[in-house]
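Everything below concerns the one structure shown next.
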Amino acid sequence: MGGNFYGWEQADVPALTEEYGKIRTPRDLYNALSDIWCEATCAPRMRGSWSRENRTLGQCSITAFLAQDIFGGNVYGIPRQGGNYHCYNVVGDCVFDLTSEQFGEEVLDYENNPEQFREVHFAKEEKRQRYEYLRDELKRRFG
């Protein structure tokens, strides 16, 4: 596994914390989250379309902020319809998007997008709770 997301080829930035055990690179994180992402962690507006075959659907912001906790860097957002953003990570020269496969063949533009901040995203209580569930489950299984 580990080759299903945008930027996987160069996603070898090291973890800044040992809090998550063997999660040492974004590829490790992708592999770990592949078994944790679920309908409960999916954005509520997308839950009706979530499936194990499209497990990254609706997981972008909570995943990107968790990756930021582990690897540092910044979270950016690609503008989407309805005023939403698709979140991804930039750590130094490494750009990776652990949830890009939800878009299938659609080509996303990872340049010149606005930075995203957890304070804004987590102002939505349900999103903060989904992030905490994802984080806590990752710690429980790998910490």
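A Förster distance of 22 Å, applied to the separation of the beta-carbon atoms of Asn112 and Glu9, puts the FRET efficiency at 0.50.
Take 63-75, 113-125 and order them by the average number of nearby Cβ atoms within 10 Å per residue, most first; the result is 63-75, 113-125. Estimated at 0.36 nm per residue, the fully extended path between Glu105 and Cys38 surpasses their Cα-Cα distance by 21.9 nm. Once every Cα of the chain carries one equal point scatterer and solvent is ignored, give the base-10 log of I(q)/I(0) from the Debye formula at q = 0.09, 0.11 Å⁻¹, two decimals. Debye output, listed in q order: -0.23, -0.35.
Could you work out the local net charge near Asp109, counting Lys and Arg as +1, Asp and Glu as -1, over the other residues with Cβ closer than 14 Å to its Cβ? Intermediate values should be presented prior to the final figure.
On the way: positive: Arg80; negative: Asp97, Glu106, Glu111.
It works out to a net charge of -2.
Shown in residue order for segment 34-40 are the 3J(HN,Hα) couplings computed by the Karplus curve 6.51 cos²θ - 1.76 cosθ + 1.60 at θ = phi - 60°: 4, 9, 9, 3, 8, 4, 5 Hz (x for Gly and Pro). Need the C-alpha centroid separation for segment 67-143 versus segment 1-48, integer Å. Answer, in whole Å: 10. The residues neighbouring Ala11, those whose beta-carbon lies less than 15 Å from its own, together hold a net charge of -4 under the Lys/Arg +1, Asp/Glu -1 convention.
Less than 5 angstrom separates the built amide H of Gln116 from those of Val75, Tyr76, Gly77, all sequence-distant by 5 or more or on a different chain. Its relative contact order, with pairs defined as Cα atoms under 8 Å and 6+ residues apart, puts the chain at 29 percent.
Between Ser51 and Arg80, the simple label model (points 7 Å from Cα in the Cβ direction) yields a spacing of 1.8 nm.
None of the figures in this text is laboratory data; all of them are computed from the coordinates on show. Just so it is clear, the structure is predicted and the values come from calculations on it, not from any experiment. Ideal geometry is used to build each Cβ from the backbone, glycine not excepted, and the neighbour counts take in all protein chains shown.
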